[in-house]
Amino acid sequence: MESQYPGRASAPESGSCRVNGLPPLLRIPVGIVVERSKANSQWSEYIWGPIAVLGGIPDVDPWTQLGSAEETVTLYAGAAEMELYRTETENYRNNLASSSPSVWVALLSTAGAPPYEIAVVTADPAEGEALTEPGQGIVEAVPMPGSVRDAIASFVAEHHVERVFVKRKRNRPDPEALARPGPQPGSGDE
């Protein structure tokens, strides 16, 4: 099955993406937990959404039911890898500095069983926001587990390079260059 997100993983078990042509410097294995709840809608029977990211991969088969309460079922959707790139350390750092560091999880409908595949898992807020643009999948920000936060903080400490913002100055316009040239000798404009 080809992914609906260009340049992103298409295999349900991968859950990773490539934000640029460079290979990631670090891959963090995570598990994804989703919730299915009864919808109060005539168009849809259930509402699906990621609710947690697990630090590491549990010894559980994908799409195993973890619990249920009334009309809500919690399932382990499967394993994924978060890929970290040195060019995105500023975004990771801003995420870690926020009041609630998050991980963005994108699920794509499979129109079969299982009902969704893990398309992307990222700690980059800019990429997480960009994933919402196509409108084809479910994208949710979920709380970042402590072990993932520690791994990302170590990655940022090791690879972040502070880039100084340099404002470019415009060249002042030359009024003479904008003026209409006078008659040119030998051109017949004399």
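The values are calculated or read from the model by the stated rules, or taken from the named source; none is laboratory data. Everything numeric here is computed off the predicted structure, so don't read it as measured data. Note that we place each Cβ from the backbone using ideal geometry, even for glycine, and neighbour counts take in every protein chain shown. Surface areas here come from the heavy atoms of the whole protein model, side chains and all, with no ligands, DNA or RNA. Shrake-Rupley method; radii C 1.70, N 1.55, O 1.52, S 1.80 Å.
Things worth noting here:
- Residues located in the stretch 60-83, provided they are touching a residue at least 12 places away in the same chain (Cβ under 8 Å), of a type outside the set (Asp, Glu) and assigned to a strand (DSSP E or B): 64, 66, 72, 73, 74, 75, 76, 77, 78, 79, 80, 82
- Residue that is nearest to residue 150 (Cα to Cα) [pool: residues in the stretch 80-120 that are β-branched (Val, Ile, Thr) and more than 11 Å from the chain's Cα centre (by Cα)]: 89
- Restricting 53, 120, 60 to those that are over 23 Å from residue 22 (Cβ atoms) and touching a Phe, Trp or Tyr at 6+ places or on another chain (Cβ under 9 Å) reduces the list to 60.
- Residue 109 polar (S, T, N, Q) and over 22 Å from residue 46 (Cα atoms): no
- Residue in the stretch 73-81 that is at pLDDT 90 or above, open to solvent by 70 Å² or more (accessible area, probe 1.4 Å), out of contact with any Pro (no Cβ under 8 Å at 6 or more places or on another chain) and over 20 Å from residue 154 (Cα atoms) present: no
- Residue satisfying condition, being touching a Pro at 6+ places or on another chain (Cβ under 7 Å), within 30 Å of residue 86 (Cβ to Cβ) and in a strand (DSSP E or B), within set 30, 53: 53
- Filtered residues of the stretch 99-112 (kept if in a loop (DSSP other than H, G, I, E, B) and in contact (Cβ under 8 Å) with a residue 12 or more places away in the chain): 100, 101, 110
- Qualifying residue in the stretch 133-148 (condition: open to solvent by 80 Å² or more (accessible area, probe 1.4 Å), under 29 Å from the mean Cα position of the chain (by Cα), at pLDDT 80 or above and among the β-branched types (Val, Ile, Thr)): no
- Scanning the stretch 155-177 for residues that are under 28 Å from the mean Cα position of the chain (by Cα) and in a helix (DSSP H, G or I) yields 155, 156, 157, 158, 159.
- Any hit, the stretch 84-92, residues being over 15 Å from residue 140 (Cβ atoms), in contact with a helix residue (DSSP H, G or I) (Cβ under 6 Å, 6 or more places away or on another chain) and without any contact (Cβ under 8 Å) to a residue 40 or more places away in the chain: yes
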